[in-house]
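Notes follow the structure.
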Amino acid sequence: MSDQPDNGGPERKRPTAVYVISVAAELSGMHPQTLRIYERRGLVMPARTQGGNRRYSDADIEVLRRISELTNEGMNLEGIRRVMRLEAENARLRAELEQARSIAVHAIEDAERNQRGARAAQHGSGSELVPLKQAVAVFGKRASIFRRD
């Protein structure tokens, strides 16, 4: 938690629904009646107080701004609904892909680590030192390591 007061600036996103419809309309650049229409059409779902009043979050404001962009491009509400569903699905799939990539990277790192450990154990490096008897062999003579003691 921060000691500094919330100044409501754009750098601070509100995770909860706090904006009344008039403030949400102003922040999104729309008329409050337009927000009601979008809610009826299922494009945005603001939270409700116990008294039934709408409360919009920063995420809701971003959705409203995206709707505004798409309407400015000439898209109708059904087209907007489909685009927003596809964008949400795309974001979900990208997150899944990133998670799968992360799992794969960790699996590869673990496999390489295990392989290095197995090679080290085979070659006697690390803490598993094996004494080695060395001898110099002269051509034509039997090396001392072949002698029976």
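Here are a few things to note about the model shown:
- Of the residues screened, S68 is not one that is surrounded by 10 or more Cβ atoms within 10 Å (Cβ to Cβ), without any contact (Cβ under 8 Å) to a residue 60 or more places away in the chain and not assigned by TED's automatic domain parsing to the domain that holds L35.
- Test for R55: is it closer than 30 Å to V23 by Cα, among the charged types (D, E, K, R), in the same structural domain as L27 (by TED's automatic domain parsing) and outside any helix (DSSP H, G or I): yes
The values are calculated or read from the model by the stated rules, or taken from the named source; none is laboratory data. The structure presented is a predicted model; accordingly, all values stated were derived computationally and were not measured. Cβ atoms come from the backbone with ideal geometry, glycine included; neighbour counts cover every protein chain shown.
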